[in-house]
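What follows draws every value from the coordinates through simple rules; no lab data is involved. As the structure is a computational prediction, the values presented were derived from the model and not from experiment. Using ideal geometry, Cβ is built from the backbone for each residue, glycine included, and neighbour counts are taken over all protein chains shown.
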Amino acid sequence: MALNKQMQASVKSAQNRAPLATGRCCARLLRCSSRWMAGAGLVGAFLIILSIQFFWFHASDSSSEQQVEPGIFYRNDKFAEIPWSIHVVRVERNRPDFNFVTTKAKDTVLGLSTLTDQIKLIPRQAGTPKVAINGDFYKTERERYPGDPRGLLIIRGELVSGPIDRACLWFDKEGQPHMTNVISQLRVTWPDGQGTPIGLNEDPAGNTSVLFTPRLGRSTGTSNRVDLVLERDGDAPWLPLRVGEHYTARVREIKQGGNALLATDIMVLSVNNQVMNRSAKIEPGTVLKISTATIPDLQGAYTAIGGGPSLLRNGKVAPIKKVSDPRAAMAYSERSLFERHPRSAIGWNDKNFYFVEVDGRQKNLSMGMTLAELSDFTCLSSAVRTVLIWTAVVPRPCG
């Protein structure tokens, strides 16, 4: 049966309850009530945490949408012939007491934890958790720096992870959502005026220079490198790190071999020996310039999270292109785009946000979807105009 006919066929919805997985989860997109604030926390009455596990919602015997509370609606679509089980939460955009925020496991770049544990880290004054959906890709426990988001992450205004050239969801100063590729322009400028691109809170393997902030954890975890311990220079802006800003840092200490300790008032710039040798003479007291610029300019963005690829733009399906290199096509990151897997996605139109989670790898419940199938589902079912995809592994340790 063609996909669009399957979508239009009668479907059987969940019985009694519609739970999602309860495994550990990665960076979360959250929605909370209150005004935008720089710094820690939001003040308001609600906090809608968008993570792969929706809270328990009662589902009726039909696939009709149910109002969970004013402004929030839920449905569970089931297609027995495939099978598929798809959870959809719709949030009206006319609720001024709702805003989006993000979380991170253990409140650090490194680490994996359950959704429940992540919720506990949210300040009580920030509001009440409502809905959660898994966001972005991350490094697994089998890799160095497990839990490290692979793309952009801004938590309550703090730049935690830098962007890669993939689609991101970010909110501007007015709280309006955007889905664009964001290109990193993060760089350090040495005393001689030369500049070097830098990564942020990530595995330095393959990078000449990486900036680490206290969000990473206890220490940089580097080896066979030179860690430049940086302190604030005078009254210049400092931590927490913000996107689209310029910082002046003074070298406090040079730690040969790497793995410098991190503290609340310092950053560490880790460089390889080649960078250290060709840069102007660096010693304690040397002043460096650091830029957190991006294209487009995200200055003032309070919330952002990576993901991709985009599925819909302006109501039209965005084609998913296959790579031409056969060897590259066999990599999991490429072939998984065209295989059925658990999925999570966020989309919106002028009136609503939509949060979609597709169960997968469960033979009798749901096989998961390809990206093309998910594109068709979101296009046919919700009049969504813009959709960003994440791949949710259910259940799965996440950062």
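As an exercise, take the mean of 1/r over every pair of distinct alpha carbons in region 114-203, invert it, and state the Kirkwood radius in angstroms.
For region 114-203, the Kirkwood estimate is 15.7 Å.
Taking region 156-211 as the region of interest, what is the percent of Cα-Cα pairs per 10 angstrom bin, listed from the shortest bin to the one with the maximum distance?
20, 43, 28, 9, 0
Quick query: amide H of LYS130 versus all other amide H atoms, modeled in the peptide plane; which residues come in under 5 Å with a sequence gap of 5 or more or a different chain?
Correct list: LEU47, ILE48, ILE49.
For a quick check: with amide H placed at 1.01 Å from N, whose amide H comes under 5 Å from THR286's, ignoring anything fewer than 5 positions away on the same chain?
Amide H neighbours of THR286: VAL251.
For region 186-292, max minus min Cα coordinate along each principal axis, in Å, sorted largest first?
32, 31, 23
Using Cβ contacts closer than 10 Å as the measure, can you line up ARG90, ARG278, ARG343 from fewest to most?
Values: ARG90 21, ARG278 10, ARG343 27.
Starting with the residue having the fewest Cβ neighbours, the order is ARG278, ARG90, ARG343.
Highest first, please rank the peptides 231-237, 68-74, 165-171 by the mean number of other Cβ atoms sitting within 10 Å of their residues.
165-171, 68-74, 231-237
So for each of 306-312, 175-181 I average, over its residues, the number of other beta carbons within 10 Å; can you give me the resulting order with the highest mean first?
Output ranking for 306-312, 175-181: 306-312, 175-181.
Set the bar at 25 Å for Cα to Cα. Now go through LYS104/LYS173; LYS104/LYS139; LYS104/LYS255; LYS139/LYS255; LYS139/LYS351; LYS78/LYS120 and name every pair that lies beyond it. Mind dumping the intermediate values first?
Numbers: LYS104/LYS173 22 Å; LYS104/LYS139 13 Å; LYS104/LYS255 29 Å; LYS139/LYS255 27 Å; LYS139/LYS351 35 Å; LYS78/LYS120 32 Å.
In this structure, LYS104/LYS255; LYS139/LYS255; LYS139/LYS351; LYS78/LYS120 lie more than 25 Å apart at Cα.
Return the long-range amide H neighbours of THR180 (sequence gap of 5 or more, or a different chain), with a cut-off of under 5 Å between placed amide H atoms.
Long-range HN contacts for THR180: CYS168, TRP170.
Residue by residue, what Karplus-based ³J(HN,Hα) values in Hz, rounded to whole numbers, does region 241-250 have, using 6.51, -1.76 and 1.60 with θ = phi - 60° and x for Gly and Pro?
Coupling constants for region 241-250: 5, 10, 7, x, 10, 10, 10, 10, 10, 10 Hz.
Give me MET330, MET267 sorted ascending by neighbouring Cβ count inside 10 Å, so fewest comes first.
Arranged by neighbour count, lowest to highest, MET330, MET267 become MET330, MET267.
What order do you get for LYS78, LYS321, LYS130 when you list them from fewest to most C-beta neighbours inside 10 Å?
By the 10 Å Cβ count, ascending, the order reads LYS321, LYS78, LYS130.
If I take the Cα coordinates of region 56-157 and project them onto the principal axes, what are the three extents in Å, biggest first?
Ordered largest first, region 56-157 gives principal extents of 45, 39, 22 Å.
Tell me the relative contact order for region 186-292 as a rounded percent, counting alpha carbon contacts under 8 Å between residues six or more apart.
Computed value for region 186-292: 37 percent relative contact order.
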